[in-house]
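J.: I'd like to ask you about the structure that follows.
The values are calculated or read from the model by the stated rules, or taken from the named source; none is laboratory data. Since this is a predicted model, take the numbers as computed values, not measurements. Backbone-built Cβ (ideal geometry, glycine too); neighbour counts: all protein chains shown.
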Amino acid sequence: MDSLKEDLKKQIIEQLNLEDLTVADIADDALLFNDQGLGLDSIDALELIVLLEKYHGIQLTNPEEGKEAFRSIDTMAEYIRKRKAA
Amino acid sequence: MNKAALYITAASTVSHQPTFGNPGFSSTLGPIVADNALISPDYKAYIDPGLLRRMSKILRMAVACSKDCIAQAEIEQPDAIVVGTGLGCLHDTEKFLNTSLTVDGLLPPTSFIQSTHNTMAGQISLSIGNHGYNMTHTQNTLSFEHALLDASMLLREGDRHVLVGAADEHIDILEDIAAQLSFEAPARLTSGASFFVLSKENRGNAAAILTDVHTTGGIENAEAEIDAFLIRNGLNASDVDLVFHAGEPVQGVKGNVPYLPLSGVYATASAFALHYAVDSLQTNASLKNVLICNALRKSNLGLILLQSVEA
Amino acid sequence: MGVCITGIGVVSAIGMSVEENLSALREGKSGIGPLQYLQGTKASLAGEVKASNEDLRKSLNVGTEYVSRTSLLGLQAAREAWGDNKRSGVIRTGIISATSVGGMDRSEVFYKDYLSQNSPDYQVLTTHDSGSTTERIAAELGISGYINTLSTACSSGANAIMLGARLILQGTLDRVLVGGSDALSRFTIDGFRSLMIYDEQWCRPFDESRAGLNLGEGAGFLLLEGEKSLQLTGNRPICNVSGWANAADAYHQTASSPDGKGATLAIENAIRRAGIGLNEVSYVNAHGTGTKNNDHSESVALRNVFGDHIPPFSSTKAFTGHTLAAAGAIEAVFSVLAIQHHLIYPNLNYQDSIAETGLVPATLLETGAEVNAVLSNSFGFGGNNSSLVFTRYE
């Protein structure tokens with residue numbers, strides 16, 4: 001089990017008040033901003049930027065840049081690893 | 001001025017009393033006591049989970065009451081949405097204020113977005129997909145009366161059904177502030193939301209007739225103002241069967257009931273009083289003219305006159 | 001005769017009066033710059049009114065220290081609009097102000113002290129609620145009776161004007177002072193920064209490179225009179241407010257719809273209410289905040305309504321900053337001035353048109369233009385869209 005991905009799920013549930021969801025409900029490849037996935041919106045995208053800074057020390061100042069990174073848990077984890085490695 | 005009658009065709013209240021989805025409640029309520037908590041309906045039955053997860057208490061109350069009203073009135077869409085609130089979305093305001101003063105890094109935006117006074121009216125329009133007139137009045141203890149007056153005007157301008165209501169929410173710091181400012185509340189501080197559908201016609205579902213509504217700020221002589229209001233509606237004080245009042249009782253009428261002990265104290269508690277009065281008119285056939293006299297704040301006077309539908 | 005405007009007043013980053021604002025507009029001089037009076041914010045640029053609270057209290061002769069900057073700015077503009085008019089027992093007079101955050105400029109100072117338990121002054125909170133900012137202005141002007149406040153975020157000021165006009169037409173009031181006021185605060189600056197739409201450089205409305213807004217502060221007020229009031233006061237109408245509409249976008253909590261639905265409805269209905277043809281609109285004072293989303297959506301709405309014949313338009317936000325609830329009222333005053341002085345204002349900081357829409361705003365001051373009808377747009381959070389139409393008094 002990938003602990004970064006587990007952490008991300010926990011953090012997302014908390015940051016976005018996804019009261020009805022548990023970590024097990026979020027698939028690693030589920031599309032976060034798609035109605036078939038989590039159905040998040042542009043306000044959530046901003047909350048995810050805050051989350052990246054708060055928990056992972058990563059600053060992302062251009063919301064456009066987040067679009068690719070925030071596709072799924074998989075892409076978020078990948079983005080964090082890349083930024084930390086850089 | 002001869003004005004056409006306006007009808008209240010739906011009413012819904014979330015409060016510290018069993019008011020929600022409970023017609024006839026007015027005959028059973030006693031004064032609220034310390035352990036009467038806010039009674040929340042199952043919000044999931046009324047609000048889309050995507051919206052619900054972000055909503056504070058005041059938003060949940062307002063949207064649930066609105067949806068309940070629209071169902072009761074059996075209308076697809078109201079032509080307009082008009083909301084009154086004395087202090088607005090306090091929970092999110094305090095939350096963002098706190099964040100802004102204590103967090104150094106990036107700030108989460110959700111509480112800021114939801115701190116604006118018109119979040120309720122906006123969320124209602126979003127929840128039901130309404131593109132009509134959307135207004136928020138915030139005039140202290142008269143916020144609801146101003147909203148009701150606006151709604152009445154809209155119907156006279158041609159609208160058929162207007163969703164109108166008010167809400168205010170309690171947060172803990174209010175207790176501290178009230179104590180520090182030596183505000184002697186006539187009852188405990190509470191939260192509440194009451195919404196109504198005001199309609200141009202009675203399709204057999206009207207619960208009461210809204211005869212008139214009036215607001216005065218910076219008032220000097222409340223008694224003279226009340227007299228003038230009754231006279232312009234062709235009434236004497238003795239024609240009024242019942243007054244629900246915050247502040248002093250009204251002289252010369254058949255009966256007075258203080259409503260703050262029932263609702264608790266919040267800036268738009270007169271909206272609770274309106275629902276209480278509408279419910280009373282439906283359960284008590286002997287009532288004909290009912291007045292709501294709101295002087296919760298002494299310098300502001302709000303008057304709402306109702307008539308029974310059969311009258 | 002309709003609803004006449006007989007008095008105007010304004011205070012903003014470009015001046016303390018109508019005259020000062022007008023000359024800055026003519027000179028193309030922006031009031032946006034580094035903050036001098038509001039301390040402790042992270043904004044590098046904002047449209048601050050160039051006066052301290054103490055200056056304002058002194059010049060307005062307000063004794064108490066328990067008054068918000070929102071009230072002081074409102075009073076400054078309201079006094080100018082009210083002019084030498086007298087209270088009257090016969091003319092039913094009211095006041096409607098608009099504010100988004102009321103006395104937050106003072107409450108946030110209280111709250112900071114409260115958090116650190118640094119002897120917070122609770123008395124300050126009596127100036128917090130939005131309604132109290134209007135009650136204070138009313139008390140200073142001696143207006144009692146109909147006193148009301150609207151709060152619909154960035155469209156509030158326009159809505160106050162609309163409500164005032166309706167109250168006169170319905171015969172509820174004969175005369176009403178309408179407007180809006182908002183002071184800069186750390187709360188709102190941080191708020192727009194958290195939305196990542198606060199530009200650290202000059203805002204660039206309708207420009208392809210736009211990256212957000214600069215906040216501003218100020219107030220605008222207009223005195224509206226109906227026929228009965230005019231007969232008694234003998235005031236000379238400056239122009240008419242003849243069209244208004246409000247519509248909900250019902251698309252998203254903050255974002256405007258890409259098809260500009262709410263904005264389109266507001267513009268169309270306001271022009272219809274004014275009873276003029278689309279080709280009679282001489283100038284559009286746009287909402288044009290400089291955010292990616294608003295300017296795109298507003299451009300689409302203008303295109304929806306006017307097709308290929310969009311009248312000259314500009315945003316004056318690059319002069320004043322976005323003054324939130326005051327914006328609709330300040331820009332109403334600018335619209336009246338455009339009719340009065342035959343002006344079309346330049347849209348500052350514009351270079352390239354937005355790729356998707358290609359709309360080009362007016363970029364140079366036009367004097368001697370034939371301006372007979374002005375459309376003014378104000379769009380806010382929660383999808384609250386309002387449009388007003390001002391027309392030359394005939």
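J.: Given the conditions (1) outside any strand (DSSP E or B); (2) assigned by TED's automatic domain parsing to the domain that holds C:ALA327, and given that C:GLU208 satisfies all but one, which numbered condition is not satisfied?
T.: The number of the failed condition is (2).
J.: Select from segment C:94-119 the residues that are at the interface with another protein chain (Cβ under 9 Å from one of its Cβ atoms) and among the aromatic types (Phe, Trp, Tyr) and write down the one among them that is farthest from B:GLY88 (Cα to Cα).
T.: By that ranking, first place goes to C:TYR114.
J.: So, one more: Quick check, is C:GLY47 in contact with a helix residue (DSSP H, G or I) (Cβ under 7 Å, 6 or more places away or on another chain), of a type outside the set (D, E, K, R) and modelled with pLDDT under 95?
T.: no
J.: Can you spot a residue in segment C:50-69 that is touching a strand residue (DSSP E or B) at 6+ places or on another chain (Cβ under 6 Å) and under 29 Å from C:SER314 (Cβ atoms)?
T.: No, that holds for no residue.
J.: Another one. For the condition on the phi < 0 side of the Ramachandran plot, in contact (Cβ under 8 Å) with a residue 12 or more places away in the chain and within 14 Å of chain B (Cβ to nearest Cβ), what is the one hit in C:ALA263, C:ALA286?
T.: It is C:ALA263.
J.: Looking at (1) closer than 21 Å to B:GLY88 by Cα; (2) out of contact with any Cys (no Cβ under 9 Å at 6 or more places or on another chain); (3) assigned by TED's automatic domain parsing to the domain that holds B:SER56, which is the only condition B:ARG160 fails?
T.: Exception for B:ARG160: condition (1).
J.: Test C:LYS86 against the stated conditions and say whether it is farther than 30 Å from C:ASN347 by Cβ and assigned to a helix (DSSP H, G or I).
T.: The answer is no for C:LYS86.
J.: Given the criteria more than 11 Å from chain B (Cβ to nearest Cβ) and either over 21 Å from the mean Cα position of the chain (by Cα) or surrounded by fewer than 23 Cβ atoms within 10 Å (Cβ to Cβ) (or both), does C:GLY218 qualify?
T.: For C:GLY218, the condition - more than 11 Å from chain B (Cβ to nearest Cβ) and either over 21 Å from the mean Cα position of the chain (by Cα) or surrounded by fewer than 23 Cβ atoms within 10 Å (Cβ to Cβ) (or both) - is not met.
J.: Separate question: Within segment B:63-105, count every residue that is of a type in the set (A, V, I, L, M), touching a residue at least 60 places away in the same chain (Cβ under 8 Å), at the interface with chain C (Cβ under 10 Å from one of its Cβ atoms) and part of a loop (DSSP other than H, G, I, E, B).
T.: 1
J.: Step by step: first the residues of segment B:47-68, then only those that are touching an Asp or Glu at 6+ places or on another chain (Cβ under 8 Å) and of a type in the set (D, E, K, R), then the one that is nearest to B:PHE195 (Cα to Cα). Which residue is that?
T.: Only one residue fits best here, namely B:LYS57.
J.: Separate question: On the given criteria, is C:LEU177 over 30 Å from A:SER42 (Cα atoms), part of a helix (DSSP H, G or I) and modelled with pLDDT of 95 or more?
T.: no
J.: Also: Mind counting the residues in segment C:338-384 that are farther than 26 Å from C:CYS239 by Cα and in a helix (DSSP H, G or I)?
T.: Counting residues in segment C:338-384 that are farther than 26 Å from C:CYS239 by Cα and in a helix (DSSP H, G or I) gives 3.
J.: Within segment C:133-149, which residues are among the polar types (S, T, N, Q) and surrounded by fewer than 24 Cβ atoms within 10 Å (Cβ to Cβ)?
T.: Selection gives C:SER144 alone.
J.: So which of C:ILE161, C:ILE95, C:ILE91 ends up being assigned by TED's automatic domain parsing to the domain that holds C:SER30 and part of a loop (DSSP other than H, G, I, E, B)?
T.: Only one candidate passes the filter, namely C:ILE91.
J.: Where residues in segment B:122-142 are more than 7 Å from chain C (Cβ to nearest Cβ) and in contact with a strand residue (DSSP E or B) (Cβ under 6 Å, 6 or more places away or on another chain), which of them is nearest to B:LEU87 (Cα to Cα)?
T.: Applying the filter and picking the extreme gives B:LEU142.
J.: Within segment B:210-231, can one find any residue that is hydrophobic (A, V, I, L, M, F, W, C), modelled with pLDDT of 95 or more, within 20 Å of the chain's Cα centre (by Cα) and crowded, with 19+ Cβ neighbours inside 10 Å?
T.: The answer is yes, given that some residue of segment B:210-231 is hydrophobic (A, V, I, L, M, F, W, C), modelled with pLDDT of 95 or more, within 20 Å of the chain's Cα centre (by Cα) and crowded, with 19+ Cβ neighbours inside 10 Å.
J.: Keeping to segment C:219-251, report how many residues are assigned to a loop (DSSP other than H, G, I, E, B) and either of a type in the set (Ser, Thr, Tyr) or touching an Asp or Glu at 6+ places or on another chain (Cβ under 7 Å) (or both).
T.: 3
J.: Checking B:ALA151 against (1) in a helix (DSSP H, G or I); (2) at the interface with chain C (Cβ under 10 Å from one of its Cβ atoms): exactly one of these is not met. Which one?
T.: Checking B:ALA151 against (1) in a helix (DSSP H, G or I); (2) at the interface with chain C (Cβ under 10 Å from one of its Cβ atoms), the one that fails is (2).
J.: Which ones in segment C:1-42 are farther than 18 Å from C:LEU184 by Cα, among the hydroxyl-bearing types (Ser, Thr, Tyr) and in contact (Cβ under 8 Å) with a residue 40 or more places away in the chain?
T.: C:THR6, C:SER17
J.: Could you tell me how many of the residues in segment C:144-162 are of a type outside the set (Phe, Trp, Tyr) and within 7 Å of chain B (Cβ to nearest Cβ)?
T.: 10
J.: Still on this structure, I have one more. I'm checking my understanding of the structure. Among residues of segment C:63-83 that are of a type outside the set (Ser, Thr, Tyr) and assigned to a loop (DSSP other than H, G, I, E, B), which one is surrounded by the most Cβ atoms within 10 Å (Cβ to Cβ)?
T.: Selected residue: C:VAL67.
J.: Could you check segment B:266-298 and list, in sequence order, the residues that are outside any helix (DSSP H, G or I) and either surrounded by 24 or more Cβ atoms within 10 Å (Cβ to Cβ) or within 14 Å of chain C (Cβ to nearest Cβ) (or both)?
T.: Once the filter is applied, which keeps residues that are outside any helix (DSSP H, G or I) and either surrounded by 24 or more Cβ atoms within 10 Å (Cβ to Cβ) or within 14 Å of chain C (Cβ to nearest Cβ) (or both), segment B:266-298 yields B:TYR266, B:ALA267, B:THR268, B:VAL290, B:LEU291, B:ILE292, B:CYS293, B:ASN294, B:LEU296, B:ARG297, B:LYS298.
J.: Restricting attention to segment C:204-211, does a residue exist that is closer than 24 Å to C:ALA338 by Cα and surrounded by fewer than 24 Cβ atoms within 10 Å (Cβ to Cβ)?
T.: There is at least one residue in segment C:204-211 that is closer than 24 Å to C:ALA338 by Cα and surrounded by fewer than 24 Cβ atoms within 10 Å (Cβ to Cβ).
J.: Please tell me if C:TYR345 is under 28 Å from C:SER185 (Cβ atoms), buried (at least 24 other Cβ atoms within 10 Å of the Cβ), aromatic (Phe, Trp, Tyr) and in contact (Cβ under 8 Å) with a residue 60 or more places away in the chain.
T.: yes
Yes/no matrix, rows are residues, columns are (1) of a type in the set (A, V, I, L, M, F, W, C); (2) in a helix (DSSP H, G or I):
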residue	(1), (2)
B:SER115	no, no
B:GLN123	no, yes
B:ALA147	yes, yes
B:VAL164	yes, no
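J.: Among the numbered conditions (1) assigned to a helix (DSSP H, G or I); (2) farther than 26 Å from C:ILE310 by Cα; (3) of a type in the set (Ser, Thr, Tyr), tell me where C:THR254 comes up short.
T.: Evaluating C:THR254 over (1) assigned to a helix (DSSP H, G or I); (2) farther than 26 Å from C:ILE310 by Cα; (3) of a type in the set (Ser, Thr, Tyr) leaves (1) as the failure.
J.: Check whether at least one residue in segment B:253-261 is touching a residue at least 60 places away in the same chain (Cβ under 8 Å), surrounded by 15 or more Cβ atoms within 10 Å (Cβ to Cβ) and either assigned by TED's automatic domain parsing to the domain that holds B:THR93 or touching a Ser or Thr at 6+ places or on another chain (Cβ under 9 Å) (or both), and report yes or no.
T.: No - not one qualifying residue is present in segment B:253-261.
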